[in-house]
Amino acid sequence: MSYSVPKIAGESDTIVGRTEDHLWARWEVFVRPRGGVTHVYSESVHAPDAETALLNARDTYLRRVEGVSLWVIPSGAISRWDEHQALPESRSEEGSARRLWEAFIRHRRGAQFLHAGSIVAADAVDAIVRARDAFLTKTDGVAIWVAPSEAIVAADPDEAEMLFEPFADKGYRQATYYDIPEEVGYM
């Protein structure tokens, strides 16, 4: 028995290994842990909109670490540079319109991206150059991500109790809940 699934107007076929327009968008997730001073990259989630992305991120990543703040950024809004690429040259002109960008730095291979701070730049290339100049030394840093500040969707502080408290009383889900014998060493 065979049948065909009706195709929706404008829908394209799904090809394995390729992302098509009708699939959910990918959102990069950053969590600021309790006692932490900056947001740390946690990985990504797929969601149809920002609100669902926040909820998916909460359900996926706040079980691992006790967080106090949550950001999601559409993956397409992030401009990336890594050590295998030539450093871009800033091509922005003085007097051109500038906007606020958030910079995320990976200091060494295998480390997480950390929110380094905000910069003002004309475009993504200018933002990467300015982030490099502001937050990296000549021997430090293997990757930079920048995103326009308006692309960041942050959890509403008024809803913090709803987002973060359900996991606060479940300490057994946190690695810090358990005592590790000294002979095991660093984990």
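Read the figures in this text as sums done on the coordinates, not as results from a lab. Since this is a predicted model, take the numbers as computed values, not measurements. Because the Cβ atoms are built from the backbone with ideal geometry, glycine has one as well, and the counts that use them run over all protein chains shown.
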What nm distance separates the two modelled labels at A151 and D82, each placed 7 Å from Cα along Cα→Cβ? 1.7 nm
If you plug each phi of segment 25-40 into the Karplus form 6.51 cos²θ - 1.76 cosθ + 1.60 with θ = phi - 60°, what whole-Hz ³J(HN,Hα) values come out, in order, with x for Gly and Pro? 6, 9, 10, 7, 10, 10, 10, 9, x, 4, x, x, 9, 9, 7, 10
Where does each of 66-74, 105-113 land if you order them by average Cβ count within 10 Å, highest first? 66-74, 105-113
